[in-house]
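J.: Questions regarding the structure given below will be posed in turn.
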Amino acid sequence: MTVVNIQADTKLHLESPFLPAPAEIVRKDRLNDTETLYQLRLADGTELGQLPGQFVEVSVFGIGEAPFSVSSSPTRGDAFELCIRRVGDVTSALERLALGEHIGIRGPLGRGFPLEQMRGRNVLIIAGGLGIVPLRSLITNILDEREDFSNVTILYGCKTPKELLFRDELNRWQAREDIDFRITTDIAEPGWKGNVGPVTTLFRRLAVDPRNTVPVMVGPPVMFKHVVKQVLACGIPEDRIILSLERRMKCGIGECGHCQINGIYVCQDGPVFTYAELKRLEEAML
Amino acid sequence: MVDRVMTKSALAESLEQLAATLHVAAPVEEGGRVMFRRVRYAAELANHYLPTMLPPTKYARPPHEELLRFSWAEGPRVEPVFEAEEIVIFGVRPCDMHAFDLLDQIFSEENSDGHYQARREALTLIGMECLEPCDEHSFCRSMGSLEATGGFDLLLSEMGDGYYVRVGTAKGRALIGTFQDAREAVYEDRKRLRKTCLRRESQFEHRLEDTYDELPRVLADSEDSLLWDVLGEKCLSCGACTNVCPTCFCFDVHDDVNLDLKSGRRRRHWDSCQLEEFAMVGTGESFRQPRNLRVKHRFNHKGRYLMERYGVPGCVGCGRCARDCLVGISPIEVFNQLKGQPVER
Ligand SMILES: Cc1cc2nc3c(=O)[nH]c(=O)nc-3n(C[C@H](O)[C@H](O)[C@H](O)COP(=O)(O)OP(=O)(O)OC[C@H]3O[C@@H](n4cnc5c(N)ncnc54)[C@H](O)[C@@H]3O)c2cc1C
Ligand code: SF4
Ligand code: SF4
Ligand code: FES
């Protein structure tokens with residue numbers, strides 16, 4: 001701790017909400033041209049203790065800090081995973097780090113998916129693009145506790161087949177009898193035998209029980225607009241539609257103002273919300 | 001705690017004594033504008049002054065502030081930085097004390113932000129009551145911030161050639177104990193103070209059609225007002241309004257690497273919701289791109305969101321933003337126009 005010129009008799013116990021905990025990179029898997037899966041372990045040996053849907057602030061010292069969803073499930077031991085797309089300073093610097101090097105972690109932060117309210121119900125998960133990253137945490141958790149949930153349906157859409165993430169897991173999910181897993185891509189590529197079209201096209205052959213289904217969606221803003229319309233048309237009430245938003249974040253603790261949507265703070269009140277909470281907010285862009 | 005009474009000359013002398021050993025900041029006129037800066041002599045102090053260019057909250061929330069220091073010379077090391085200088089701020093206006101209260105709530109109560117807390121704890125606030133309105137831009141009475149209700153260590157009210165001094169905290173009591181010729185207030189003094197306060201009430205008009213507790217509703221009803229478009233066309237997005245505002249607290253965070261390339265620091269810097277990049281994300285989307293939305297966000301944040309979230313108004317009516325806006329956007333006009341005065345393009 002560096003204390004500069006504070007009166008010696010100060011009785012304050014000072015804490016910095018910005019102080020990250022060191023974490024070691026224990027595994028690094030290149031998933032795609034731009035996405036890498038990092039497995040991390042906190043240096044003090046503790047578990048991160050995340051809920052699916054929560055995020056962490058990642059520090060590469062000298063470069064900066066950025067928020068990322070935790071992609072692994074709390075059911076899977078003391079290491080945790082982040083899947084990160086290289087887009088700028090922090091994400092590029094991360095790629096250059098080697099196994100055994102340390103980064104800084106703050107969190108888990110924010111409100112995760114309402115897992116407890118989903119138990120005993122049908123779950124309909126809709127992932128668009130990078131939205132699969134936080135949803136992978138939820139999906140893995142649900143599959144590890146499969147008996148707690150009724151029907152599980154997962155729809156995953158990407159721009160091109162190349163962009164599909166976590167292919168091994170996708171294959172395993174596809175092979176399972178106890179879930180309904182469907183994939184689509186906006187554009188077909190040679191050799192692609194799956195569905196072509198936006199994720200909404202997967203809805204057509206789907207029987208959704210509006211009384212007992214919790215839809216959970218994460219994806220780009222355009223996806224929300226269409227998918228929300230579709231689940232509403234199924235008769236699902238607004239306060240049972242779950243979505244997770246991305247905004248610029250500089251603190252993650254409700255101070256810096258960057259993540260605000262009208263009067264709410266995505267970092268604290270979210271990133272997971274119900275549609276009912278957001279629909280009247282102009283800046284939610286739904 | 002017992003109130004005191006001092007003559008102006010006794011106070012000036014006490015301040016100079018204090019300033020000989022401590023950082024005393026007070027309003028000083030420079031180049032036609034008044035600002036808080038370090039003083040040594042009572043003669044430096046501005047006599048009559050509008051709210052200063054930058055608010056005194058800058059001492060608790062400086063434009064640039066170090067949060068962390070780190071190095072990777074021998075494995076990664078990171079430590080928080082708590083920086084604070086003991087400063088006595090003299091002449092804090094009631095509106096600015098209310099602003100301190102709001103910042104305290106956000107940085108101390110909602111969050112335990114040690115960086116803020118360290119600086120704040122090291123401040124001693126000597127408030128100065130306003131007995132007459134400053135200019136056409138202020139609307140403190142409508143925002144409930146004319147009355148200094150707390151936040152001060154000492155509060156001075158001018159009475160003739162002296163001051164009535166209220167003691168707000170133990171820190172204030174200790175400080176007044178070091179002042180010479182601060183006699184205890186008696187019944188006659190209190191009576192005089194009451195009269196002064198009564199006179200003040202009639203001097204300050206309500207400049208808003210509504211008081212602050214009605215603003216959230218007025219703003220909620222104005223989501224689609226044409227006024228936002230009019231303001232969006234006018235506003236230059238320069239961010240002057242948010243820079244001078246005592247209740248603005250948004251920031252950006254950056255890392256700097258030292259010349260040795262083996263160590264560095266993380267700092268936060270004032271930021272402004274009026275700038276386009278403020279709400280931009282990785283996919284290139286900016287969630288508040290059009291200017292009218294940014295202006296709307298600022299006024300909603302001031303008049304509605306903070307009220308809804310923390311139960312206190314996010315604006316203290318100091319008028320700084322209006323005084324410094326190049327195109328004359330004023331919260332008094334905005335709030336009153338939303339209330340129903342006609343909007344002209
Ligand atoms: C709750 C949350 C969860 C996220 N989860 C993931 C995830 O699991 N995987 C993933 O790859 N990405 C995720 N992101 C996005 C990720 O935070 C940004 O891609 C990252 O901040 C970019 O950092 P950078 O330093 O590499 O980019 P920069 O060099 O800072 O900038 C590159 C671009 O990113 C934008 N940007 C800058 N800062 C942010 C910010 N804090 N948030 C969003 N955009 C920003 C800039 O406007 C610019 O266009 C998440 C964002 C949020 C808010
Ligand atoms: S000072 Fe005026 S012109 Fe500049 S951003 Fe604020 S309202 Fe707009
Ligand atoms: S919004 Fe304007 S009037 Fe209100 S506190 Fe800020 S600077 Fe003062
Ligand atoms: S990220 Fe700073 S307030 Fe939400």
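J.: Please return the ranges of helices (runs of 4 or more DSSP H) entirely within segment B:289-345 where 2 or more residues are modelled with pLDDT under 90 and more than 17 Å from B:Cys95 (Cβ to Cβ). Quick ask: steps written out before the conclusion?
T.: Values: elements: B:291-300, B:306-310, B:320-324, B:331-339.
It comes to B:291-300, B:306-310, B:331-339.
J.: Let me ask something additional. On the given criteria, is B:Val92 closer than 21 Å to B:Gly168 by Cβ and surrounded by fewer than 16 Cβ atoms within 10 Å (Cβ to Cβ)?
T.: On the way: closer than 21 Å to B:Gly168 by Cβ: yes; surrounded by fewer than 16 Cβ atoms within 10 Å (Cβ to Cβ): no.
Against the criterion (closer than 21 Å to B:Gly168 by Cβ and surrounded by fewer than 16 Cβ atoms within 10 Å (Cβ to Cβ)), B:Val92 does not qualify.
J.: Now a separate question. Quick check on A:Val214: is it more than 14 Å from ligand 4 (Cβ to nearest atom), in contact with a Ser or Thr (Cβ under 6 Å, 6 or more places away or on another chain) and touching a residue at least 60 places away in the same chain (Cβ under 8 Å)? Break it down stepwise before answering.
T.: On the way: more than 14 Å from ligand 4 (Cβ to nearest atom): yes; in contact with a Ser or Thr (Cβ under 6 Å, 6 or more places away or on another chain): no; touching a residue at least 60 places away in the same chain (Cβ under 8 Å): yes.
No; evaluated as a whole, the condition is false for this residue.
J.: Would you point out the residue of segment B:268-281, among those that are modelled with pLDDT of 90 or more and within 16 Å of ligand 1 (Cβ to nearest atom), that is surrounded by the fewest Cβ atoms within 10 Å (Cβ to Cβ)?
T.: Of the residues in segment B:268-281, the ones modelled with pLDDT of 90 or more are B:268-270.
Filter once more, keeping what is within 16 Å of ligand 1 (Cβ to nearest atom): B:268-269.
Numbers: B:Arg268: 23, B:His269: 12.
Per the criteria, the residue is B:His269.
J.: Taking B:Glu223 as the residue in question, decide whether it is of a type in the set (Asp, Glu) and outside the structural domain of B:Val88 (by TED's automatic domain parsing).
T.: Details: of a type in the set (Asp, Glu): yes; outside the structural domain of B:Val88 (by TED's automatic domain parsing): yes.
Yes; evaluated as a whole, the condition is true for this residue.
J.: How many of the residues making up segment B:5-20 are surrounded by 17 or more Cβ atoms within 10 Å (Cβ to Cβ) and out of contact with any strand residue (DSSP E or B) (no Cβ under 9 Å at 6 or more places or on another chain)? Before the answer, list the steps.
T.: Residues of segment B:5-20 surrounded by 17 or more Cβ atoms within 10 Å (Cβ to Cβ): B:5-6, B:10-11, B:14-15, B:18-19.
Subset that is out of contact with any strand residue (DSSP E or B) (no Cβ under 9 Å at 6 or more places or on another chain): none.
Looking only at that region, the number is 0.
J.: If I filter segment B:312-333 for residues that are in contact (Cβ under 8 Å) with a residue 40 or more places away in the chain, within 16 Å of ligand 4 (Cβ to nearest atom) and buried (at least 19 other Cβ atoms within 10 Å of the Cβ), do I get at least one hit?
T.: Yes, there is a match, as at least one residue in segment B:312-333 is in contact (Cβ under 8 Å) with a residue 40 or more places away in the chain, within 16 Å of ligand 4 (Cβ to nearest atom) and buried (at least 19 other Cβ atoms within 10 Å of the Cβ).
J.: Enumerate the strands (runs of 3 or more DSSP E) found wholly within segment A:88-169, keeping only those where 1 or more residues are within 16 Å of ligand 1 (Cβ to nearest atom), within 16 Å of the chain's Cα centre (by Cα) and free of Cβ contacts under 8 Å to residues at least 40 places away in the same chain.
T.: On the way: elements: A:102-109, A:122-128, A:152-158.
Filter on segment A:88-169 gives A:152-158.
J.: Among the residues of segment A:46-55, is there at least one that is at pLDDT 95 or above and either of a type in the set (Asp, Glu) or outside any loop (DSSP other than H, G, I, E, B) (or both)?
T.: yes
J.: Can you say whether A:Arg111 is open to solvent by 20 Å² or more (accessible area, probe 1.4 Å) and either modelled with pLDDT of 95 or more or farther than 23 Å from A:Pro221 by Cα (or both), as far as the supplied structure shows?
T.: Yes; evaluated as a whole, the condition is true for this residue.
J.: Tell me, which residue of segment B:225-234 that is open to solvent by 20 Å² or more (accessible area, probe 1.4 Å) and hydrophobic (A, V, I, L, M, F, W, C) is nearest to ligand 3 (Cβ to nearest atom)?
T.: Of all residues in segment B:225-234, those open to solvent by 20 Å² or more (accessible area, probe 1.4 Å) come to B:225-226, B:229-230, B:233-234.
Of the ones still in play, those that are also hydrophobic (A, V, I, L, M, F, W, C) are B:226, B:230.
Working: B:Leu226: 22, B:Val230: 18 Å.
Across segment B:225-234, the extreme among qualifying residues is B:Val230.
J.: Still on this structure, please answer the following. Go through (1) within 14 Å of chain B (Cβ to nearest Cβ); (2) modelled with pLDDT of 90 or more; (3) open to solvent by 50 Å² or more (accessible area, probe 1.4 Å) one by one and return the number of the condition A:Glu282 breaks.
T.: With respect to (1) within 14 Å of chain B (Cβ to nearest Cβ); (2) modelled with pLDDT of 90 or more; (3) open to solvent by 50 Å² or more (accessible area, probe 1.4 Å), A:Glu282 is out only on (2).
J.: Here is a further query. Taking B:Arg166 as the residue in question, decide whether it is assigned to a strand (DSSP E or B) and open to solvent by 10 Å² or more (accessible area, probe 1.4 Å).
T.: Values: assigned to a strand (DSSP E or B): yes; open to solvent by 10 Å² or more (accessible area, probe 1.4 Å): yes.
Answer is yes for this residue.
J.: Okay, next question. Taking the condition of being under 18 Å from the mean Cα position of the chain (by Cα), of a type in the set (Val, Ile, Thr) and surrounded by fewer than 20 Cβ atoms within 10 Å (Cβ to Cβ), how many residues in segment A:195-235 meet it?
T.: Residues that pass the stated criteria total 1.
J.: Pairs under 6 Å by beta carbon, first residue more than 7 Å from every other protein chain (Cβ to nearest Cβ) in segment B:79-95, partner open to solvent by 30 Å² or more (accessible area, probe 1.4 Å) and of a type in the set (Phe, Trp, Tyr), six or more apart or different chains?
T.: B:Ile87/B:Tyr59
J.: Still on this model: Pairs please, first residue from segment B:196-214 and on the phi > 0 side of the Ramachandran plot, second anywhere and open to solvent by 100 Å² or more (accessible area, probe 1.4 Å), Cβ atoms under 8 Å, 6+ apart in sequence or on different chains.
T.: If the second residue must be open to solvent by 100 Å² or more (accessible area, probe 1.4 Å), no pairs are left.
J.: Kindly indicate which of A:Ile236, A:Ile253 is assigned to a loop (DSSP other than H, G, I, E, B), in contact (Cβ under 8 Å) with a residue 12 or more places away in the chain and over 18 Å from A:Gln54 (Cα atoms).
T.: It is A:Ile236.
J.: Picking from B:Asn300, B:Asn258, which residue would you name as being closer than 30 Å to B:Ser71 by Cβ and more than 16 Å from ligand 1 (Cβ to nearest atom)?
T.: Working: B:Asn300 fails: closer than 30 Å to B:Ser71 by Cβ.
Residue meeting the stated conditions: B:Asn258.
J.: Moving on to the next point. Among the residues of segment B:253-267, are any under 25 Å from B:Arg93 (Cβ atoms) and at pLDDT 90 or above? Give the derivation first.
T.: To start, the set of residues in segment B:253-267 that are under 25 Å from B:Arg93 (Cβ atoms) comprises none.
No, there is no match, as no residue in segment B:253-267 is under 25 Å from B:Arg93 (Cβ atoms) and at pLDDT 90 or above.
J.: Can you give me the number of residues within segment A:149-190 that are in contact with a helix residue (DSSP H, G or I) (Cβ under 8 Å, 6 or more places away or on another chain) and open to solvent by 50 Å² or more (accessible area, probe 1.4 Å)?
T.: Taking segment A:149-190 first, the residues in contact with a helix residue (DSSP H, G or I) (Cβ under 8 Å, 6 or more places away or on another chain) are A:149, A:152, A:154-159, A:163-166, A:169, A:173, A:176, A:178-179, A:181-185, A:188-189.
Now restrict to residues that are open to solvent by 50 Å² or more (accessible area, probe 1.4 Å): A:159, A:163, A:176, A:178, A:182, A:188-189.
Residues flagged as in contact with a helix residue (DSSP H, G or I) (Cβ under 8 Å, 6 or more places away or on another chain) and open to solvent by 50 Å² or more (accessible area, probe 1.4 Å) within segment A:149-190 amount to 7.
J.: From the set of residues in segment B:246-263 that are open to solvent by less than 20 Å² (accessible area, probe 1.4 Å) and more than 9 Å from chain A (Cβ to nearest Cβ), which is farthest from ligand 4 (Cβ to nearest atom)?
T.: Here the residue is B:Pro246.
J.: Based on this model, can you work out whether A:Gln39 counts as over 14 Å from the mean Cα position of the chain (by Cα), more than 16 Å from ligand 2 (Cβ to nearest atom), assigned to a strand (DSSP E or B) and more than 14 Å from chain B (Cβ to nearest Cβ)?
T.: Details: over 14 Å from the mean Cα position of the chain (by Cα): yes; more than 16 Å from ligand 2 (Cβ to nearest atom): yes; assigned to a strand (DSSP E or B): yes; more than 14 Å from chain B (Cβ to nearest Cβ): yes.
Against the criterion (over 14 Å from the mean Cα position of the chain (by Cα), more than 16 Å from ligand 2 (Cβ to nearest atom), assigned to a strand (DSSP E or B) and more than 14 Å from chain B (Cβ to nearest Cβ)), A:Gln39 qualifies.
J.: Considering segment A:236-276 alone, what residues qualify as being surrounded by fewer than 18 Cβ atoms within 10 Å (Cβ to Cβ) and either in contact with a strand residue (DSSP E or B) (Cβ under 9 Å, 6 or more places away or on another chain) or on the phi > 0 side of the Ramachandran plot (or both)? Outline the logic, then answer.
T.: Keep residues of segment A:236-276 that are surrounded by fewer than 18 Cβ atoms within 10 Å (Cβ to Cβ), which gives A:237-239, A:274, A:276.
Selection gives A:Glu238, A:Asp239, A:Thr274.
The values are calculated or read from the model by the stated rules, or taken from the named source; none is laboratory data. Bear in mind the structure is a predicted one, so any value in this text is a computation, not a measurement. Here Cβ is always computed from backbone atoms with ideal geometry, including for glycine, and neighbour counts include all displayed protein chains. Protein only, heavy atoms only, side chains kept; ligands, DNA and RNA dropped before computing areas. Shrake-Rupley method; radii C 1.70, N 1.55, O 1.52, S 1.80 Å.
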